[in-house]
Amino acid sequence: MAVAEQESYIVNLKKEGENKMSFWKNKKVLVTGAGGFIGSHFIEEFAALNIYVVGSYFRSVPGTFGNRGKIKRVKLDLLNFSRVLSLCKKEKIDIILHCAALDGNIEFKMKNSARIMNENMRMVSNILDVAKDLKIKDVMLTSSAEIYSPQVKSPIIEEDDHEKFFHYSENGYVLAKIFSEVLGKLYAKQFGVNVFLPRPTNAYGPGDEFDTSTNRVIPSMIQKALHGEQIEIWGNGRQIRGFIYVNDLVKSILLMIESRRYQTLNIATKESISILNLAKTISRIIGVKPNIHLDTKKPAGIKERVLSVKKLNSIINFTPRSLEEGLAETIDWYKNVYGTK
């Protein structure tokens, strides 16, 4: 990087930090699911900005942050309305970023669909009621690209959502995301809460869940390729998906809140890739010969789910990492934390 370019880059970084500080300064933020993958990265982002944040967790204990600086962790059952209300009142919370959710692998979702929908909806309901009662103006509910119907053609725009193409599913997780959006919009209209509904594509990066039982595609592929195991892909591997590096996801959501231009927003990148080529790319970056098995008897899901990022690109002030770069960073992180054997 040339000297002039480097100086410009530093100035832009400084301006970005100042803009964030002007918005978040003196605000107290609650991040739910702070022990989870996305929630923990919100915590780290706020820690870097020296913003006061309460990180709540229940099942997953946060491993990378503690009661340091302006970061406070609290064990909290989000299904208990009175405790959520008490915490937000005590801490004088100004903004809630709701990242917590009951989720699991395919088998868990199939066996626990009612429980997953029930608990996830109750958590959202409690969060919105607390915001209403305490006059908390800003609430972010993490949604998902899965709310879009399989019949919608890619690249999917925000307007082609469940209000236009509703698709019933017995997947309680997907239904909870859809109806959480519905409830959030109704609360925004009736009670004046600013409800932000980011719809992320598949997130990945350092700190991801590398437990193979979760069936998260990138962590599973990285782990198997590093350990010389066969990567199994359901279907013919031609299904197209998008992925976003977790730090870019967090920055995008924060800019969504700061800009206040969109209630719903796709969070993704312009890149997309087939699942088969994803496995080959990961193997190449690691430096091993692809060891892939296609199980064409298993369901592969929809052929293509790629999100339009036209609206996102109108508010972000950075270039998201390429998939190649993000995968390399994630693989390096995994090697440093877990080793290769």
Subject >> Per-region count, region 24-62, residues under 18 Å from N80 (Cβ atoms) and among the aromatic types (F, W, Y) >> reply: 2
Original post:
Looking at V288, V337, which one is farther than 24 Å from W24 by Cα and touching a helix residue (DSSP H, G or I) at 6+ places or on another chain (Cβ under 8 Å)?
Top reply: V288
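Does S169 satisfy the criteria of being of a type outside the set (D, E), touching a Leu at 6+ places or on another chain (Cβ under 9 Å) and modelled with pLDDT under 95?
Values: of a type outside the set (D, E): yes; touching a Leu at 6+ places or on another chain (Cβ under 9 Å): yes; modelled with pLDDT under 95: yes.
So S169 passes the test.
Could you tell me which residue of region 262-293 is surrounded by the fewest Cβ atoms within 10 Å (Cβ to Cβ), considering only residues that are small (G, A, S) and in a loop (DSSP other than H, G, I, E, B)?
First, pick out the residues of region 262-293 that are small (G, A, S): 268, 272, 274, 279, 283, 287.
From what is left, the residues that are in a loop (DSSP other than H, G, I, E, B) are 268, 272, 287.
Values: A268: 28, S272: 19, G287: 9.
The qualifying residue surrounded by the fewest Cβ atoms within 10 Å (Cβ to Cβ) is G287.
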Original post:
If you go through region 18-25 one residue at a time, do you hit one that is of a type in the set (F, W, Y), at pLDDT 90 or above and farther than 19 Å from K92 by Cβ?
Top reply: no
Subject >> Tally of residues being buried (at least 22 other Cβ atoms within 10 Å of the Cβ) and in a strand (DSSP E or B) across region 96-140 >> reply: 5
Original post:
Can you name the residue in region 220-239 that is out of contact with any strand residue (DSSP E or B) (no Cβ under 7 Å at 6 or more places or on another chain) and either of a type in the set (S, T, N, Q) or part of a helix (DSSP H, G or I) (or both) and, of all such residues, is nearest to G287 (Cα to Cα)?
Top reply: L226
Original post:
Pick from K289, K189, K280: which is free of Cβ contacts under 8 Å to residues at least 60 places away in the same chain and under 30 Å from M123 (Cβ atoms)?
Top reply: K189
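Looking only at residues in region 145-178 that are of a type in the set (S, T, N, Q) and either without any contact (Cβ under 8 Å) to a residue 60 or more places away in the chain or touching a Pro at 6+ places or on another chain (Cβ under 8 Å) (or both), which one is nearest to A268 (Cα to Cα)? Break it down into steps so the answer makes sense when it comes.
Initial filter on region 145-178 (of a type in the set (S, T, N, Q)): 149, 151, 154, 169, 171.
Right, trim to either without any contact (Cβ under 8 Å) to a residue 60 or more places away in the chain or touching a Pro at 6+ places or on another chain (Cβ under 8 Å) (or both) and you get 149, 151, 169.
Details: S149: 17, Q151: 20, S169: 23 Å.
So, considering only residues that are of a type in the set (S, T, N, Q) and either without any contact (Cβ under 8 Å) to a residue 60 or more places away in the chain or touching a Pro at 6+ places or on another chain (Cβ under 8 Å) (or both), the one nearest to A268 (Cα to Cα) is S149.
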Original post:
All but one of (1) in a helix (DSSP H, G or I); (2) without any contact (Cβ under 8 Å) to a residue 12 or more places away in the chain hold for I331; which doesn't?
Top reply: (2)
Original post:
Would you pick out the residues in region 223-274 that are of a type in the set (A, V, I, L, M, F, W, C) and closer than 23 Å to A188 by Cα?
Top reply: V250, I253, L254, L255, M256, I257, L265, I267
Original post:
Looking at (1) under 30 Å from M110 (Cα atoms); (2) in contact with a strand residue (DSSP E or B) (Cβ under 8 Å, 6 or more places away or on another chain); (3) in a helix (DSSP H, G or I), can you tell me which one G326 breaks?
Top reply: (1)
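The values are calculated or read from the model by the stated rules, or taken from the named source; none is laboratory data. None of the values given here were measured: they were computed from a predicted structure. Every residue, glycine among them, receives a Cβ derived from its backbone with ideal geometry; neighbour counts consider all protein chains shown.
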